[in-house]
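Down below is the structure, laid out as structure tokens.
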Amino acid sequence: MKGIQLHIVLVAALIVLSWKSVAQGRLSGAANQFSQRSSSSSNTERTPQGIKEIFPPRERDWKPSMLRISYDAIAGGVSVFDDYKRRTGFQAAMDFDQYFLAVEYGTESSERGDGFGYQYEAQGNYFSVGPEVNLLKNVTDGSILTFGLRYGQANFSDQLTFSVDSTFFGDYDVSAANPDLIARWMEMTMHLSTEVWKNLTVGYTVRYKVARKVKNIGVMAPYDVPGFGLYEDNTGVRLNFYIGWVFRWREKELLEEKK
Amino acid sequence: MRNGFILILGLWSVVSCQEIKDCELETSRDYAIVGFYESDSVEKEVKTVAFAKVYAPDYDDYYYISSTSDTTLTDDTISATGLYLYSEAETIDYLFETDSINYSLTIEYTPHLRIYYDECDPVYSYKIDTAYSNEFDSVAIIYRPLGEFQTTYNLEVYF
């Protein structure tokens, strides 16, 4: 549970600030369009047919138009400023209509116990993949607000060495390892990003991870699970701040009704 | 005013929800508690017995109780004893020596190692899988985990 409460407070503040600075301004146009349509068609009956006249069904555009590749700056910061952790993280997302298919990959290693009488090391890689739905479907300047569901998996190993001080058997050294651990979990994501210059994007992803399972555990339980957090927590919250670039090969039409 | 209240409430929530990390607060132990009982009694009757030596032959440098090795021991009668488990093995044999007969007791167990807090030492916990003896009349497993706060014996030995 370490730091989760702090994360929640920070994330809540970020959501409020980001929503004010990005979504509010950009959605005002869409809101105006909605009010104009509603007032201009106020005489239309509120029947299924009448609603179709106000909001005619749009044509789906499943052909991808862009690929966004991002680097996790928080992971990079951890590697620079934390002497005992190394992290890298990348994320890619491709659009399909108002949906995205997002893939994340990263590596993590950690060392613990320095100054506490033991040495623990964990290292491995992780990935997550899943769909996201973009709620800012009428915004065309590259800003996106998505909610998603992902499957996450980590392949990692860990080692522990320390000295046991036993009442009966005396002092003896212990070495334990898990060479082939596999962790699986599900995560719910919220991603908010905007293009700040040309195709350069910045944004963050908040993840709530649940249903963590770990296979191939030996005598020792792991402590760190790459991509997830602490093994002792069955759920986890993580914030990623991404800097990315959008590769766009065609312009996408506004995802609302045809005029 | 309202913003200040929300800020204080948030800080209070963060501070109050922090876990207490007490490295001395162990919930498991590394020895099984064995109680001795009369085998031929109708009621469950505790048996008080004096063993000359209780030890694990594979680790014979160490003994739990020995009236022959410990001359300061004034009362070597016991009705229960603790038997330590070795973390680097999954079975251990204990020998209970008397003047007339030696009793053996084998305990098979599963050790589990875990770091609960990264600021504390790693902790072993144990769970008894099985226990048996060729000399005691019967051995019953009462409570498999070796817990610090358990209220029953782990094993009951009848002879």
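The values are calculated or read from the model by the stated rules, or taken from the named source; none is laboratory data. The shown structure was predicted, so the numbers you read here are calculated from the model rather than taken from an experiment. Using ideal geometry, Cβ is built from the backbone for each residue, glycine included, and neighbour counts are taken over all protein chains shown.
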_Given the criteria touching a residue at least 24 places away in the same chain (Cβ under 8 Å), within 14 Å of chain A (Cβ to nearest Cβ) and not hydrophobic (A, V, I, L, M, F, W, C), does B:Ser125 qualify?_
yes
*Out of curiosity, is B:Leu11 of a type in the set (A, V, I, L, M) and modelled with pLDDT of 65 or more?*
no
*Residue tally, condition in a strand (DSSP E or B) and among the charged types (D, E, K, R), over the range B:90-140*: 6
*Could you please give the count of residues in the range A:215-243 that are free of Cβ contacts under 8 Å to residues at least 60 places away in the same chain, assigned to a loop (DSSP other than H, G, I, E, B) and closer than 30 Å to A:Thr201 by Cα?*
1
*Could you look through the range A:139-175, keep only residues that are surrounded by 15 or more Cβ atoms within 10 Å (Cβ to Cβ) and of a type in the set (Ser, Thr, Tyr), and pick out the one that is farthest from A:Glu195 (Cα to Cα)?*
A:Ser166
*Inspect all residues belonging to the range B:40-63 and state whether any of them is more than 9 Å from chain A (Cβ to nearest Cβ), at pLDDT 85 or above and in a helix (DSSP H, G or I).*
yes
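Of the residues A:Leu136, A:Leu181, which single one is hydrophobic (A, V, I, L, M, F, W, C), at pLDDT below 95 and surrounded by 18 or more Cβ atoms within 10 Å (Cβ to Cβ)? Talk me through it step by step, then tell me what you get.
Numbers: A:Leu181 fails: at pLDDT below 95.
A:Leu136 is the lone residue from the list that is hydrophobic (A, V, I, L, M, F, W, C), at pLDDT below 95 and surrounded by 18 or more Cβ atoms within 10 Å (Cβ to Cβ).
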*What single numbered condition from (1) hydrophobic (A, V, I, L, M, F, W, C); (2) more than 30 Å from A:Ile217 (Cα to Cα); (3) part of a loop (DSSP other than H, G, I, E, B) fails to hold for B:Phe149?*
(2)
*Would you point out which residue out of A:Gly142, A:Gly170 is of a type outside the set (Phe, Trp, Tyr), within 14 Å of another protein chain (Cβ to nearest Cβ) and on the phi > 0 side of the Ramachandran plot?*
A:Gly170
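Do we find that A:Val164 is within 14 Å of chain B (Cβ to nearest Cβ) and aliphatic (A, V, I, L, M) in this structure? First the steps, then the outcome.
Values: within 14 Å of chain B (Cβ to nearest Cβ): yes; aliphatic (A, V, I, L, M): yes.
Considered against the rule, which asks whether it is within 14 Å of chain B (Cβ to nearest Cβ) and aliphatic (A, V, I, L, M), A:Val164 comes out as yes.
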*Name, by its number, the condition in (1) within 14 Å of another protein chain (Cβ to nearest Cβ); (2) of a type in the set (D, E, K, R); (3) in contact with an Asp or Glu (Cβ under 8 Å, 6 or more places away or on another chain) that does not hold for A:Lys137.*
(1)
*Please state which of the following conditions A:Thr189 fails to meet, knowing it meets all the rest: (1) loosely packed, with under 15 Cβ neighbours inside 10 Å; (2) over 30 Å from B:Leu85 (Cβ atoms).*
(1)
